[in-house]
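Sending over a structure as structure tokens; questions will come in a sec.
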Amino acid sequence: MIAVVDDDEAVHKAITRLLRTAGYSCRGFNSGRELLNDWQSAHPDCLVLDLQMPEFSGLEVQRRLKAVGVRVLTIMITASDERRVINQSLAEGASACLRKPVDAQTLFTALEMGGMHPDAVAASGPLAPS
Amino acid sequence: MRRSHARPAVGLLAFAAALVSPSAWVENHTEPTLLKQVVHQEYATVAGLDPGTHMVSVREDGGRVVSVGPVRHNFDQIRLGDRVNVTFYAATALQSLPNPSADASARVQSQDYTAPQGIRPATASGQTVHSPVTVVAVDPVKESVTVQHADGRRQTIQSDVQPGQELIRRLHPGESLELIQTRSVSVRVSDVRSR
């Protein structure tokens, strides 16, 4: 399951719709706190995380999960030009940082690179060797 | 949803990812193991076109100017002011050194990609550096390895992916390896409606 976390409801709804259309299972969250509170029940395989959010930024969520030993594929999304924060997030383990509005092809590439494949593909059996 | 080991990327980044993929290393009879890979995507505007070299300058929304190319196909379809999608890709891999006593200097491999004619203009260029290194220290808790280059420089790499973490647990100080580091940038025209 992919957790999409963005305080802008329109953004996380758009991204979850895009991912579901592509065959991924996902769930939207309005804040980092909501994700952390629901972590045990949600238990996502991947995070699509807004870098700038009130209370807990994406970087703060990333750090809190890392501090308790959780390692999960993390894709940051941002509308900010603050390169220092972007670089910090990548240095601390995010596998991708994508500019908003999120480009679908780049998001799918980042997911594939992280080993995330749609349910529809998994249901049809293993991928043929490339 | 299926979660598997990291594997080469799809689409425009595929050429760069292929530089650290097993198929690229048949000649050495060993396979590189991916330690980490990172994607950073920005939006930008075409700020300069050089018809002589087919190089394209793009200004990111944050102000930084990046020069990419050459765009071998569809160059004439790119216009100043076009909105483009700029993607940076970096990957680090390790493989066993087939002949540790051989030339200890680093070697550099460059590769370009251009989208075929008839589709939206896109280009990518990448560079891979192969460096012979010696394992200095292994930290299985942090899942990191410290290696020393031939010039004495030390570098610590933490692995974010399962194959790399498994490799690190098997490494020992003094072991000779080849460090493979790939960097690439791709540019794809993202908005043709502004034409």
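Derivation of every value follows stated rules applied to the coordinates shown; laboratory data play no part. Only a predicted model underlies this, so the values are computations on that prediction, with no experimental measurement involved. Neighbour counts are summed over all protein chains in view; Cβ atoms, including those assigned to glycine, are modelled from backbone coordinates with ideal geometry.
Please arrange B:ARG183, A:ARG84, A:ARG17 by how many other C-beta atoms lie within 10 Å of their C-beta, fewest to most.
Placing the least packed residue first, the sequence is A:ARG84, A:ARG17, B:ARG183.
Can you tell me which of A:GLY23, A:GLY32, A:GLY115 moves the most in a GNM of chain A? Springs connect C-alpha atoms under 10 Å apart.
Most flexible of the set in this elastic network: A:GLY115.
Taking the Cα atoms of region A:2-123, report the difference between the largest and smallest coordinate on each principal axis, in whole Å and largest first.
38, 31, 26
Quick check: net charge around A:VAL11, other residues with Cβ under 10 Å of its Cβ, Lys/Arg +1 and Asp/Glu -1?
Residues near A:VAL11 contribute -3 overall.
What ranking do A:CYS97, A:CYS26 get, fewest neighbouring Cβ atoms within 10 angstrom at the top? Walk me through the intermediate numbers first.
Working: A:CYS97 26, A:CYS26 20.
Sorted ascending by nearby Cβ count, the order is A:CYS26, A:CYS97.
Once you list every other residue whose beta carbon is under 13 Å from the beta carbon of A:LEU51, what net charge do they have if Lys and Arg are +1 and Asp and Glu are -1?
On the way: positive: A:ARG63, A:ARG83, A:ARG84, A:ARG99, A:LYS100; negative: A:ASP6, A:ASP7, A:ASP8, A:ASP50, A:GLU60, A:ASP81, A:GLU82, A:GLU92.
In short, -3.
Now, a different point. Label B:ARG72 and A:ARG33 with points 7 Å out from Cα along Cα→Cβ: what is the distance between them in nm?
Here the answer is 5.5 nm between the modelled labels.
Just rank A:GLU9, B:GLU166, B:GLU178, fewest to most, by other beta-carbon atoms within 10 angstrom.
Starting with the residue having the fewest Cβ neighbours, the order is A:GLU9, B:GLU166, B:GLU178.
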